[in-house]
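Below is one structure, written out as structure tokens; the observations come after it.
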Amino acid sequence: MYEFHGWIVLRYHTHDTNELLEDEAYNNFLKYLEEVDGEKISSIRRRNGLHSWTISGLHNHYSKYVLDIYKWVSENLPGSYGLLYVHNDEDFKGEDDNSNNFIVWKLARGKLTQEKDNYLSPYIPVVEDEYDPSRND
């Protein structure tokens, strides 16, 4: 299972003062999103002059496009900031086995970095019980 939950406040620059540039960057994001979010599982809201984008889903397997959206925003709207929480129970990479952990992707000032989660990890036993075949429920 590939579980992901994220949000981004969309800003073309960290000082965010030019409405024309902000609108152009926002429209470019909408065009990009139209190409990659075929399932339409994300949403955008505008409040108090800022655009907020959210995404949440549970896929059977890893879906590259979710992290690709964050990478695109980091490169094209460097004033944006947000978080993406991901749990991928198929994430086995040698010694870096993250299948029992959430991974946090932090977006700030045009940089996307992978961070450790201290709140919901390890998935078992923090979120879910270990499998017990003797349970009859």
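The values are calculated or read from the model by the stated rules, or taken from the named source; none is laboratory data. Small disclaimer: the values here were computed from a predicted structure and weren't measured. Methodologically, a virtual Cβ is constructed for each residue, glycine included, from the backbone with ideal geometry; neighbour enumeration extends over all protein chains shown.
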Fill in: Meets criteria (surrounded by fewer than 17 Cβ atoms within 10 Å (Cβ to Cβ), touching an Asp or Glu at 6+ places or on another chain (Cβ under 8 Å), charged (D, E, K, R) and modelled with pLDDT under 90) for Asp91
yes
Discussion item. I need the full set of residues from the range 6-31 which are among the aromatic types (Phe, Trp, Tyr) and either over 20 Å from Ala108 (Cβ atoms) or over 17 Å from the mean Cα position of the chain (by Cα) (or both), in order please.
Written reply: Tyr12, Tyr26
Worksheet item: What are the residues in the range 97-137 that are surrounded by 10 or more Cβ atoms within 10 Å (Cβ to Cβ), of a type in the set (Ser, Thr, Tyr) and modelled with pLDDT under 90, if any?
Response: Ser99
Practice prompt. For the range 75-83, indicate whether the set of residues that are in contact (Cβ under 8 Å) with a residue 60 or more places away in the chain, over 13 Å from Arg11 (Cα atoms) and not in a helix (DSSP H, G or I) is non-empty.
Written response: yes
Discussion item. Any residue that is among the hydroxyl-bearing types (Ser, Thr, Tyr) and within 16 Å of the chain's Cα centre (by Cα) - is there at least one of those in the range 90-105?
Written reply: no
Discussion item. List the residue pairs whose Cβ atoms are under 7 Å apart, where the first residue sits in the range 111-137 and is within 22 Å of Gly82 (Cβ to Cβ), the second is of a type in the set (Gly, Ala, Ser) and in a helix (DSSP H, G or I), and the two are 6 or more positions apart or on different chains.
Written reply: Lys111/Ser74; Leu112/Ser74
Discussion item. Based on this model, can you work out whether Ile44 counts as on the phi < 0 side of the Ramachandran plot, surrounded by 14 or more Cβ atoms within 10 Å (Cβ to Cβ) and outside any helix (DSSP H, G or I)?
Written reply: yes
